[in-house]
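Input: a single structure, listed below in structure tokens.
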Ligand SMILES: Cc1ncc(COP(=O)(O)O)c(C=O)c1O
């Protein structure tokens with residue numbers, strides 16, 4: 001008996017060795033919850049090791065989302081992971097920090113000095129866009145009801161270049177989407193065509209600074225002029241919502257003179273992703289209204305079940321406070337000078353890369369001098385149309401570079417896209433260019449199929 005017990009103790013002791021315990025050979029039944037508990041160290045290691053099969057975030061050039069933050073920022077994020085942002089009564093300093101960030105961004109986006117801005121943090125730009133457009137729909141409904149007019153057929157006017165979340169808004173919230181198609185040569189909003197689609201039932205017109213497809217910028221100033229003219233002529237009040245998911249945290253530093261924000265009178269709301277060029281890990285986004293009056297009161301909920309009366313305008317009630325704090329860290333730490341130097345580096349590297357592609361002969365960047373650090377490009381010459389194969393070849397080196405088709409009427413164009421985030425150095429781009437060359441070679445000389453051996457007799 002004694003010997004047996006000792007033996008079983010020895011087996012249990014083996015649980016403490018990382019790769020020597022029985023869980024590494026156990027079928028864990030990962031689609032149904034197990035009956036037994038497992039030791040934390042083993043579970044950690046098993047999950048950690050499985051996740052090694054994911055792509056490397058630093059080489060994920062498909063993503064706009066931040067993959068590096070300073071150790072001090074990470075430390076603050078870790079320290080605050082336990083805080084629920086909605087508990088503002090319990091975490092008043094966190095609530096205060098959120099307000100400060102909203103005010104800093106409003107200032108960056110030139111909200112009127114004498115106005116009373118409104119804003120909220122969100123999980124990302126998607127939630128911010130849904131909430132922004134919902135506010136415009138409600139304002140339109142309230143206006144129409146007051147005038148005794150029908151509210152049956154709201155519509156939203158956008159270009160084909162908008163992110164899928166705009167389509168989601170239309171579908172989820174029963175709004176007709178009036179889309180101006182792209183053309184085979186133009187991948188941003190055609191203002192004349194947009195204005196043609198605007199009528200008294202238009203809840204808002206959308207514009208994007210930094211489109212998902214090409215990183216290009218819609219002509220917001222021109223749109224503003226045209227909308228204001230139409231509003232004046234017709235007595236309408238059609239607002240613009242600017243999707244600044246990426247560009248919103250780039251343009252203020254690289255092109256402070258370019259008007260795309262609240263300096264334009266019809267721009268009533270703006271979204272930006274804190275977790276893109278706001279340089280914070282996912283997920284944090286921001287929604288700002290030009291004036292408190294742009295956010296109808298009947299959409300703001302007041303609850304007191306957390307201890308004191310609080311206002312909330314979000315889709316989800318609870319969310320993590322840590323990334324809002326990460327955003328505050330970056331704004332304080334970097335200041336305008338710091339953000340400018342990061343964005344300048346990103347753009348310098350993006351332009352270097354676009355220039356090299358253009359000089360190469362086999363590639364054609366959409367813009368040789370992109371305004372934002374996003375390089376969309378296609379193949380030129382005999383390999384045109386084989387962008388998907390290039391993306392697959394690059395994947396073999398670890399690079400994640402997406403290949404995708406553009407929306408109608410530019411759907412015949414397939415592009416590859418590299419987002420030059422802050423961690424994408426000149427050295428990395430040199431390496432990527434080398435691997436692009438090797439990928440082309442594979443297209444030129446596909447590996448010969450191995451001959452099947454004759455059957456052995
Ligand atoms: C222009 C644009 N708008 C909206 C979104 C959605 O942003 P998020 O991922 O922060 O929800 C993206 C994402 O890439 C985007 O590029």
> Which one of the conditions (1) under 25 Å from the mean Cα position of the chain (by Cα); (2) in a loop (DSSP other than H, G, I, E, B) does residue 270 fail to meet, given that it meets all the rest?
Replying inline: (2)
> If you go through the stretch 98-129, how many residues are touching a helix residue (DSSP H, G or I) at 6+ places or on another chain (Cβ under 8 Å), surrounded by fewer than 20 Cβ atoms within 10 Å (Cβ to Cβ) and not in a loop (DSSP other than H, G, I, E, B)?
Replying inline: 2
> Within the stretch 42-80, can you find the residues that are exposed (fewer than 12 other Cβ atoms within 10 Å of the Cβ) and not in a helix (DSSP H, G or I)?
Replying inline: 52, 53, 54, 56
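Among the residues of the stretch 294-318, how many are without any contact (Cβ under 8 Å) to a residue 24 or more places away in the chain and either surrounded by 15 or more Cβ atoms within 10 Å (Cβ to Cβ) or in contact with a helix residue (DSSP H, G or I) (Cβ under 8 Å, 6 or more places away or on another chain) (or both)?
Residues of the stretch 294-318 that are without any contact (Cβ under 8 Å) to a residue 24 or more places away in the chain, as a first pass: 297, 300-305, 309, 311.
Okay, now just the ones that are also either surrounded by 15 or more Cβ atoms within 10 Å (Cβ to Cβ) or in contact with a helix residue (DSSP H, G or I) (Cβ under 8 Å, 6 or more places away or on another chain) (or both), so none.
The qualifying residues number 0.
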>> Here's a check for you: in the stretch 305-325, which residue that is more than 21 Å from residue 81 (Cα to Cα) and in a strand (DSSP E or B) is modelled with the lowest pLDDT?
In response: 310
> Among the residues of the stretch 162-192, which ones are part of a helix (DSSP H, G or I), in contact (Cβ under 8 Å) with a residue 24 or more places away in the chain, more than 15 Å from the ligand (Cβ to nearest atom) and surrounded by fewer than 19 Cβ atoms within 10 Å (Cβ to Cβ)?
Replying inline: 192
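Of all residues in the stretch 276-293, which are surrounded by fewer than 24 Cβ atoms within 10 Å (Cβ to Cβ) and in a loop (DSSP other than H, G, I, E, B)?
Correct list: 281, 282, 283, 291.
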> Residue check: is residue 140 within 25 Å of residue 221 (Cβ to Cβ), away from the ligand (no atom under 16 Å from the Cβ), assigned by TED's automatic domain parsing to the domain that holds residue 217 and outside any loop (DSSP other than H, G, I, E, B)?
Replying inline: yes
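The values are calculated or read from the model by the stated rules, or taken from the named source; none is laboratory data. Here the structure is a predicted model, which means the values were calculated and not measured. For neighbour counting, all protein chains shown are included, and Cβ atoms are generated from backbone atoms with ideal geometry for every residue, glycine included.
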